[in-house]
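Before any comments, here is the structure.
The values are calculated or read from the model by the stated rules, or taken from the named source; none is laboratory data. Bear in mind that the values here come from a model prediction, so they are computed numbers and not experimental data. Heads up, the Cβs are rebuilt from the backbone with ideal geometry, glycines too, and the neighbour counts pull from every protein chain shown.
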């Protein structure tokens, strides 16, 4: 009897060892991105699966209350890096990081990092894409395709800027530290995503592309359900201004290491530090249906990415191409754009909005 038990223990041990080997092998084969992340120090709390908020929406995010008093929610109409020449899969090491300062007690660390080719798995010339879908993308071919978006010659609004998560905000200083336990959310429109949206709207309006900037706080007082509320805002604005052909949902990302270090994606442009932006383009794939205009949005994203790369190298992180909707199914010309992360400063994000605006104006002119 004792010998039989010993044999059972040996067999069980071998079975467990074999299962563990198979799991590790399959994990690295099927989930290379997760395996790579697990081997490094950084945990991409927002980017690993999808932009912040989209992940929370799928997981059933908890009720989040902002800590300051609510502000006005009315809509306002406000008047080279060398890249490969062929499409390829990139397998280079992740970008290096540099510590900016040593935090004091009660503070966390903020690390500056520039995301480029190593963060993409598709590239063509100066256009980079992180493809998280099952779609096979021919970037050379897609870049030749003009998105089916026609900007009318009108004095009526043609662009809508809004924020599903308007209360997202930034660190208050640029010394490489942040205060632990202090929320990077605010209902103060001079500090949150509405301040960033204002900068983009100014550039577009100055160039003759009249813009509606809707400042509704869709994530206050409840963070949960923000996308449902912003969907109603889009639909209402389209009814009010049927001339709108472009809808931009401006967010800010959040990238954090498992030790609490915040990552701030940056690019040095014109002697100033800008927060890197990231365009998120969803698509119809797998269980995601009812998204017929996804390819037009993706082509629109590619044109913006290409123009940004030509005007301001390193301003844009690789396009985040993912099988999600983010309300982009409502109309062609709909995109979600992450303006830096909660490790950046508001000034860095506002500067990025100005630069993005300059490049976006050039793209919109090609669609008239």
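Within the range 282-316, the set of residues being more than 22 Å from residue 350 (Cα to Cα) and assigned to a strand (DSSP E or B) comprises 282 only. Restricting 143, 128 to those that are within 22 Å of residue 312 (Cα to Cα) and crowded, with 20+ Cβ neighbours inside 10 Å reduces the list to 128. Being within 22 Å of residue 320 (Cα to Cα) and surrounded by fewer than 22 Cβ atoms within 10 Å (Cβ to Cβ) is a property that residue 231 has. Could you tell me whether the range 306-323 includes any residue that is surrounded by fewer than 20 Cβ atoms within 10 Å (Cβ to Cβ), touching a strand residue (DSSP E or B) at 6+ places or on another chain (Cβ under 9 Å), on the phi > 0 side of the Ramachandran plot and at pLDDT 95 or above? Yes, the conditions are met somewhere in the range 306-323. Look at (1) under 22 Å from residue 133 (Cα atoms); (2) under 19 Å from the mean Cα position of the chain (by Cα); (3) buried (at least 19 other Cβ atoms within 10 Å of the Cβ) and you find that residue 194 fails only one, number (1).
In the range 245-257 there is no residue matching the filter, namely being modelled with pLDDT of 95 or more, surrounded by fewer than 24 Cβ atoms within 10 Å (Cβ to Cβ), on the phi > 0 side of the Ramachandran plot and in the same structural domain as residue 160 (by TED's automatic domain parsing). Any residue at all in the range 279-300 that's at pLDDT 95 or above, surrounded by fewer than 24 Cβ atoms within 10 Å (Cβ to Cβ), within 19 Å of the chain's Cα centre (by Cα) and under 18 Å from residue 112 (Cα atoms)? Looking for residues that are at pLDDT 95 or above, surrounded by fewer than 24 Cβ atoms within 10 Å (Cβ to Cβ), within 19 Å of the chain's Cα centre (by Cα) and under 18 Å from residue 112 (Cα atoms), one finds none in the range 279-300, hence no.
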